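Report on one structure; see the data block that follows.
The values are calculated or read from the model by the stated rules, or taken from the named source; none is laboratory data. Source: prediction; values computed, not measured. Backbone-built Cβ (ideal geometry, glycine too); neighbour counts: all protein chains shown. Accessible surface areas use protein heavy atoms only, side chains included; no ligands, DNA or RNA. Shrake-Rupley method; radii C 1.70, N 1.55, O 1.52, S 1.80 Å.
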Protein chains: 4
Amino acid sequence: MDGAIEKLAALFEEFPGIGRRQSKRFVYFLLHKNKAFSKDLTEKIEALKQEVSQCEECFRFFPKEKDHVLCSTCRERSSSTQVLIVEKDSDFNTIEKAGIYKGKYFILGGFIFDNEKKKSFARVDQLIQSVEQKLQNKKLDELIFALSLSPEGEYTRIRLQNILREKFPELSFSTLGRGLSSGVELEYSDSETLKYAFQSRLPQ
Amino acid sequence: MDGAIEKLAALFEEFPGIGRRQSKRFVYFLLHKNKAFSKDLTEKIEALKQEVSQCEECFRFFPKEKDHVLCSTCRERSSSTQVLIVEKDSDFNTIEKAGIYKGKYFILGGFIFDNEKKKSFARVDQLIQSVEQKLQNKKLDELIFALSLSPEGEYTRIRLQNILREKFPELSFSTLGRGLSSGVELEYSDSETLKYAFQSRLPQ
Amino acid sequence: MDGAIEKLAALFEEFPGIGRRQSKRFVYFLLHKNKAFSKDLTEKIEALKQEVSQCEECFRFFPKEKDHVLCSTCRERSSSTQVLIVEKDSDFNTIEKAGIYKGKYFILGGFIFDNEKKKSFARVDQLIQSVEQKLQNKKLDELIFALSLSPEGEYTRIRLQNILREKFPELSFSTLGRGLSSGVELEYSDSETLKYAFQSRLPQ
Amino acid sequence: MDGAIEKLAALFEEFPGIGRRQSKRFVYFLLHKNKAFSKDLTEKIEALKQEVSQCEECFRFFPKEKDHVLCSTCRERSSSTQVLIVEKDSDFNTIEKAGIYKGKYFILGGFIFDNEKKKSFARVDQLIQSVEQKLQNKKLDELIFALSLSPEGEYTRIRLQNILREKFPELSFSTLGRGLSSGVELEYSDSETLKYAFQSRLPQ
C-alpha cells in the first residue's frame, strides 16, 4: 500500500480528536505544501522538548529558562499558601486568563478512573509528596480542587480527598463553588446545580 | 390555494419553536388522524381556560378549584416569608422538581427589555403591589431572584432591584448562587463564572 | 395534578416531532394567548375536515370544492398516462414546486415495514385498484416510484413492484434516477450512489 | 510568552480544519508523549516527500518505486481511453473503493475560482497538455468530470469544458449522473436534483 502516507497518517490518528479521514487529509496537506513547511514543522517539533521545561513544583510546561527548574508562576508566588489543583495545562491558562486567583497550582495531568483497566496519568504520588513538603515548610493552608464537574472529575476529586485526608488530617480542602453558569437557562438546570445555587445564594 | 390547510398552518406557526414546514406537518397530521382526535383536541383547548386558573398571589397557572383564588403552593406555604422570582411557569416546575425550596414564588411572566420597543410581559406593577402588601403584613424577609443568567435575565433583575430598592429600602435581596454547573468543562468556563466559582468555593 | 394542562400536553405530544417539554410549552403558550386565539385555533381545526377533501383518485388532501371528488391536479391532467407514487402530501408539494412533472400522482400514505408488528398506513389495496382501473381504460403507461432512498422507502418500493408485477405483468415501472445530489461532496458519497452516478453519466 | 509552544501551535493551525484551541492541544499532546513519538513523527514527515512520488500522468501521490514515474493505476490501465477528472487524491480513493470505474484519472489539485484574487491550484495547463498528447496518440475517447456539485465545482467544470472545447472540438465530455443520493429524503430535495432525477429515471 501507500507506505509512507499510511504510516504518517497512523501517527496523526493518535492526535486528540483526529479520525482516520482527517489524518489522511493532514498527510495530503503536507504533500501539497512546499518542503520548507515540512522542514519548519519538524524543526519546531524537535525544538519543543528542547525549549520547554516541566515545572518541578506544579508540573506545568513552561519556556525553558537557564538556571530555572520552576515556572515563573511558582517563582513569583512562592509565598502563597494556596494550591489549586487542575487537570491540565489549558485549565491553568483558562483560570489565569480570568485573573481571579493569585496562588499556586498543581497540574494533575489526568483523572483517576473507576475502571482500573483504564490507565491513569494522574500524578498522585507527586501530589502527596508536594503536599507533605509544603506542610512541613508551613507553606500550605488551603488545597482547592478545580476539576471538571464530570463523573471522572468528581471521582478523581473524592479519591484524592480520601487519600490526602488520611495522610494529612489537618489539611483543609475546598472546591470551586457550584451554581448557575453564565448563559444557562434556569429551566434546563439540573436539580443538583439548583441545590448548590440555592444554598450559595448571593445577597445583592 | 389550500385555504383551510394554510390558515391552520399559519396559527401553528405562531407556536413556540414551530417553523413553516413543521406547521404544515401538524396540519397533515390532523388530516390523517381520525375525527375523534380533532374533537378531543378542540375540547381540551376549550377546556383549558375553563379549568385552569391563574393564582392571584404568584400568578402561576393551576387547576381551578372551587372557592380558591390562590394556588395550592401559595396556600400551603402561607407562613413563608421568602419569595422566589422566576420568569415562567416551567421554571417553577424545574425548581419544585429539585425539591430544594419550600417558600413562595412570584411568576414574573416575562423579561424587561433594554430596547423599549420590545413589548414586555413582566408583571412589574403586580410585583410592587405584592411586595408592598407582604411587607405591611410582615410576611416578607427575603426576595430571591432566580432569573436566567442571560443578558435579558440580568437586565431584568437589575431594573427590578433598582425599582424595589427605591420603594422598599429595608427589603433584602438575593440571587441564586453562581459557579460551575454540573457537567461543565473547566477549560471552557467563562471568566465571570470562574470568578463567582472561586469566591464561593466550598469547604469539603 | 394540573389536570387540563397535562391532558392537553399529552395530545400535543402526539404531534410529529414534539416531545414532553415542548408539549408543555405549547399549553403555556395557549394560556398566555388571549381567548380569541384559542377560539380561532379550535374553529380552524374544526373547519379543517369540513373544508378539505381527500381526492378519490390520488388521495391527496385538497380544498373542498362543490361537486368535485377529484383534486384539481387529477382533473387537469386527466389525459396523462403517467402516475408518480409518493409517500406523502409534502412530497407532492416538493415535486410540484420543482415544476418538472406534468402527470398524475398517487399518495401512498406511508411505508410498508419489514417488521410486521409496525402498523403500515400504505394504501396498497387502493393502489392495486387504481392501477387495474387505469389499465382497463388504457390510461396507464408508466408507474414512477418517487419514494425516499431510505431502507423503508426501498423496501416499500420492492414490495409494491412484486405485488404489482404479479397482477399486471405488462405494466412498466421506473424510479427516479439516482446519482449525485446538488451540494454533495464527492469524497463523502457512498459506493452505491457513485455506481448509479457513473452508470447514468450525462454527455455535456 | 511560551515561545516554542506558540510557534508550533501556529504551524498546526494551518492544518485543514484545525483552529487555535485544537492546535494548542496538539502541542500539549506532543509534550505529554515520550520522545520516541516525536522522533517517529519527524522522521515520517521527513520520509514523506522522499518516499512518495507524484505521478507524471495523473498527478496523484503514490509510493515511490524505482524506475517508475507513473503510478500503478496509470500503468495498469494504460490502454484505457477514459479519463475521470477529480479534484483531489481522496476523491480518487473514494471512487476506487466503490470499484465502479476501470479507466484513468486526472487529479486536478484544486478548483478554479470566480473571484480572481483567490489563488487556484488547479492544474489547467497540465490537463490541456495531457489531453493533447492523449488525443494525438488516439488514447482519449471520453473525459468524465467527477467534481463536487458545489458552486466552485460547477464553475470549475464549466470553465474547463469551455477551454477544452475550444482547443479540442472533437473531444466528448460527460459528468457523473445527477439524481437522488442514498439516504436522502425526497421532501428535502432541491428542484434541480429532482429535475435530473426525473430525467434520468431508471426502468425497473
- Message: From the helices alone, meaning DSSP H stretches of at least four residues, give me the mean residue ellipticity at 222 nm for the protein assembly as shown, per-run term -39500 (n - 2.57), in deg cm²/dmol to the nearest 500.
- Response: -14000 deg cm²/dmol
- Item | Spin-label model distance (nm) - A:Glu96 vs B:Ile128, 7 Å beyond Cα toward Cβ | 5.1 nm
- From the cross-link list C:Lys117/C:Lys138; D:Lys24/D:Lys118; B:Lys44/B:Lys167; B:Lys33/C:Lys138; A:Lys64/A:Lys138, the entries with a Cα-Cα span beyond 32 Å are C:Lys117/C:Lys138; B:Lys44/B:Lys167; B:Lys33/C:Lys138
- Query: Hey, which residue of B has the C-beta nearest the axis mapping B onto C, and what's the distance in Å?
  - Reply: B:Thr42, 2
- Message: To make sure I understand the rule: partners must be aspartates and glutamates, Cα under 12 Å from the Cα of B:Lys195, and not fewer than 8 residues away in the same chain. Which ones qualify?
- Response: A:Glu96
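Could you tally the net charge around B:Arg159, taking each other residue with its Cβ under 15 Å from the Cβ of B:Arg159, Lys/Arg +1 and Asp/Glu -1?
On the way: positive: B:Lys118, B:Arg123, B:Arg157, B:Arg165, B:Lys167; negative: B:Glu87, B:Asp114, B:Glu116, B:Asp125, B:Glu152, B:Glu154, B:Glu166.
Computed value for this residue: -2.
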- Message: Skipping prolines and chain starts, which residues have an amide H placed within reach, meaning under 5 Å, of the one on B:Ser200, given they are 5 or more residues away or on another chain?
- Response: A:Gly177
- Message: So if I place +1 on the C-beta of Lys and Arg and -1 on the C-beta of Asp and Glu, and nothing else carries charge, what would the dipole magnitude of the range D:5-79 be about its Cα centre? I want it in debye, nearest 20.
- Response: 480 debye
- Cβ-vector label at 7 Å, A:His68, separations to other copies in nm: 5.4, 6.9, 8.4
- Query: Put +1 on the Cβ of every Lys and Arg and -1 on every Asp and Glu Cβ in the range B:1-84; which of B:Leu31, B:Leu11, B:Ser80 then has its Cα farthest towards the positive end of the dipole?
  - Reply: B:Leu31
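Regarding the protein assembly as shown, what is the average projected area of its C-alpha convex hull, in nm²?
Numbers: hull surface 192.3 nm².
Approximately 48.1 nm², given one-decimal rounding.
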- Task: Taking each pair of different alpha-carbon atoms in chain B once, compute 1/r for the pair, average those values, and report the inverse of that mean as the Kirkwood hydrodynamic radius in Å to one decimal.
- Result: 20.4 Å
- Task: List the distances, in nm to one decimal, from the label point of D:Ile158 to the label points of the same position in every other copy, shortest first, placing each label point 7 Å from Cα along the Cα-to-Cβ direction.
- Result: 4.0, 5.2, 6.4
- Estimated distance in nm for a label pair at A:Ser79 and A:Glu51, the labels positioned 7 Å out from Cα along Cα-to-Cβ: 3.4 nm
- Inter-copy distances for A:Arg123, label 7 Å out on the Cα-Cβ vector, sorted ascending, nm, one decimal, are 5.0, 5.7, 7.3
- HN-Hα J in Hz across the range D:17-33 - Karplus 6.51, -1.76, 1.60, θ = phi - 60°, x for Gly and Pro: x, 10, x, 4, 5, 5, 4, 5, 5, 4, 5, 4, 4, 5, 5, 6, 5
- Item | HN-Hα J in Hz across the range B:117-130 - Karplus 6.51, -1.76, 1.60, θ = phi - 60°, x for Gly and Pro | 6, 7, 5, 9, 9, 5, 8, 5, 4, 5, 5, 4, 4, 5
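Given Cα pairs under 8 Å that are at least 6 residues apart, what percent is the relative contact order of the range D:105-192? Please report the intermediate quantities before stating the final value.
Values: 66 pairs, mean separation 23.4, N = 88.
Relative CO of the range D:105-192 lands at 27 percent.
Calculate, for chain D, the solvent-accessible area per residue in square angstrom, rolling a 1.4 angstrom probe over the heavy atoms of the protein chains. Display every interim value, and only then the final one.
Details: 9950 Å² over 204 residues.
The answer is 49 Å² per residue.
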- What is the set of long-range amide H partners of D:Leu84 at a cut-off below 5 Å, with H atoms built 1.01 Å from backbone N? D:Lys104, D:Tyr105, D:Phe106, D:Ile144
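Based on DSSP, what percent of beta bridges with both residues in the protein assembly as shown are antiparallel, to the nearest 5? All intermediate terms of the calculation are to be shown ahead of the outcome.
Working: 20 of 72 bridges.
Expressed as a percentage, antiparallel bridges in the protein assembly as shown total about 30.
Quick one: putting +1 on the C-beta of Lys and Arg, -1 on the C-beta of Asp and Glu, what dipole do you get for the range D:130-199 around its Cα centre, in Debye to the nearest 20?
Numbers: 9 positive and 11 negative charges, 87 e Å.
Here the range D:130-199 has a charge dipole of around 420 debye.
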- Enter the buried accessible area of the C/B pair, total of both sides, probe 1.4 Å, in Å² rounded to the nearest 100. 4600 Å²
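Over all residues in D:89-95, what is the mean tally of Cβ atoms on other chains that come within 10 Å of each residue's Cβ? Can you show the working numbers first?
Numbers: counts 9, 8, 5, 2, 4, 8, 7.
Partner-chain Cβ atoms within 10 Å, mean over residues of D:89-95: 6.
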- Given +1 on the Cβ of Lys and Arg, -1 on the Cβ of Asp and Glu, and no further charges, what dipole in debye does the range A:44-165 carry about its Cα centre, rounded to the nearest 20? 60 debye
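Counting only protein heavy atoms, what percent of the accessible surface of chain A is carbon or sulfur at a 1.4 Å probe? Numbers along the way, then the final one.
Working: 4750 of 9950 Å².
That share works out to 48 percent.
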- Query: Amide H to amide H under 5 Å from B:Val52: which residues, 5+ apart in sequence or cross-chain, H placed 1.01 Å off N in plane?
  - Reply: B:Lys64
- Task: Quote the FRET efficiency, to the nearest 0.05, computed for A:Arg20 versus A:Lys118 with a Förster distance R0 of 30 Å and r equal to the Cβ-Cβ distance.
- Result: 0.85
- Item | Debye log10 I(q)/I(0) for the range B:145-204, one point scatterer per Cα, at q = 0.18, 0.21, 0.22 Å⁻¹ | -0.77, -0.93, -0.97
- Task: Note the per residue figure in Å³ for the convex hull of the C-alpha positions in the range C:1-107.
- Result: 138 Å³
